[in-house]
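The values are calculated or read from the model by the stated rules, or taken from the named source; none is laboratory data. All values derive from a computational prediction rather than experimental measurement. Neighbour counts run over all protein chains shown; Cβ positions are idealised from the backbone, glycine included.
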Amino acid sequence: MFYTFMSRVVAPILRVLFRPRVEGLDNVPAYGPLIIASNHLSFIDSFVIPLVIPRPVTYIAKAEYFEQTGLKGRFVRWFLTTLGHMPIQRGAQRAAMGALEQAKGVLDNAGAFAIYPEGTRSRDGRLYRGRTGTGWLVLASGARVLPVGLQNTETLQPVGASLPRVCWPGRPRPTVRIGPVMDFSHYRDLPPAKARRIITDEIVETIQKLSGQDYAGVYNETADAS
C-alpha cells in the first residue's frame, strides 16, 4: 500500500520538484531478481533511483541515517524503514555480511536491491574502486545487475545540506542513465575471491562509462556525513 501511495502520489510531485532526466528506462527488467548498482554522489541518490525505477527498490543504508535526530531524522528513519531499507554499520565486517545476506533474501524473493559499490559518497566527484561485497552478492544470488550512472544529484543535496533543493529551471538537472543488464554467470567456475573482484571491477567500469566520472582507482576512505 505504501509503495502504491509513493508511486502514484508522492513520486509525481518529486519528479516535478527534482526534474530528473532518465535515459535507458527500457533496460529495467519488469520482474525477477535484480541488483541495481550505481555511483554515489549525494544522500538524495537513495530517493532519486527509486523515484525513476518502475518497481520497488530496497537499499542497504548507513546506520547513521537511521540514527539522526530531529524532524529530519524521524522522517528519514520512517521513510527508509517503510521502504524496507536495511541499516549497516560502517566498518563492522560481521554487520556488513549480515546486511548482504539480508539483501540476498530480497533477491531470493525476486526483488530489486540497490547497492553502491563504492560504499560511500564521493566528495570530489570521482568514481572510486568498488568493494567486493557487490561481487559476493552477485555470485550468492545469481541475480543480474542493472548498472546506473548518476549525474548532478549532488546539486540537489550537497554534502552538509539538511534538505534537498528544488531543481529550478537553469539549475543542472539530475540525470539517471541506465545501462543494459549484466549477467555474470560465466564467472561461477572461477575461484570465489577472483570472481568477486572481476565482477565488481566490471560493474564499476560500466558505471563509469554511464556517469562520465574520472576514475580514482583507489577505495574511498573519506568519512561520510550528511
Any residue at all in region 62-82 that is within 14 Å of the chain's Cα centre (by Cα), at pLDDT below 80 and either over 20 Å from T134 (Cα atoms) or outside any strand (DSSP E or B) (or both)? yes
Which pairs do you get when a residue that is under 9 Å from D201 (Cα atoms) and at pLDDT 95 or above, found in region 124-135, comes within reach of a residue that is polar (S, T, N, Q) and part of a loop (DSSP other than H, G, I, E, B), reach meaning Cβ atoms under 8 angstrom, with the pair 6+ apart or on two chains? R129/N220
Close pairs from region 1-24: first farther than 13 Å from P50 by Cβ and in a helix (DSSP H, G or I), partner modelled with pLDDT of 60 or more and β-branched (V, I, T), Cβ under 6 Å, at least 6 apart: L17/V166
I need the full set of residues from region 146-196 which are among the polar types (S, T, N, Q), in contact with a helix residue (DSSP H, G or I) (Cβ under 7 Å, 6 or more places away or on another chain) and either closer than 30 Å to G32 by Cα or free of Cβ contacts under 8 Å to residues at least 40 places away in the same chain (or both), in order please. Q151, T153
In region 141-173, residues that are out of contact with any Pro (no Cβ under 8 Å at 6 or more places or on another chain), among the aliphatic types (A, V, I, L, M) and either surrounded by fewer than 22 Cβ atoms within 10 Å (Cβ to Cβ) or more than 20 Å from R15 (Cβ to Cβ) (or both) total 5
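Evaluate the following for V16: is it more than 19 Å from P117 (Cβ to Cβ), surrounded by 14 or more Cβ atoms within 10 Å (Cβ to Cβ) and not aromatic (F, W, Y)? Talk me through it step by step, then tell me what you get.
Values: more than 19 Å from P117 (Cβ to Cβ): yes; surrounded by 14 or more Cβ atoms within 10 Å (Cβ to Cβ): no; not aromatic (F, W, Y): yes.
The answer is no for V16.
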Output for region 8-61, where each listed residue is within 16 Å of the chain's Cα centre (by Cα), at pLDDT below 90 and of a type in the set (D, E, K, R): none
Within region 33-49, how many residues turn out to be in contact with a helix residue (DSSP H, G or I) (Cβ under 7 Å, 6 or more places away or on another chain), part of a loop (DSSP other than H, G, I, E, B) and closer than 19 Å to N220 by Cβ? 4
Residue count for region 123-141, restricted to those that are touching a Leu at 6+ places or on another chain (Cβ under 6 Å) and either hydroxyl-bearing (S, T, Y) or not in a helix (DSSP H, G or I) (or both): 1
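For region 142-185, what are the residues that are of a type in the set (D, E, K, R) and in a loop (DSSP other than H, G, I, E, B)?
Initially, region 142-185 is screened for residues of a type in the set (D, E, K, R), giving 144, 154, 165, 171, 173, 177, 183.
Within region 142-185, R165, R171, R173, D183 qualify.
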Looking at region 86-110, I want the residues that are closer than 13 Å to G133 by Cβ and have a partner that is among the basic types (K, R) and modelled with pLDDT of 75 or more with Cβ atoms under 9 Å, at least 6 apart or on another chain. Which pairs are those? A96/R131
Residues of region 186-220 being touching a Gly at 6+ places or on another chain (Cβ under 9 Å), part of a loop (DSSP other than H, G, I, E, B) and surrounded by 14 or more Cβ atoms within 10 Å (Cβ to Cβ), in sequence order, are Q213, N220
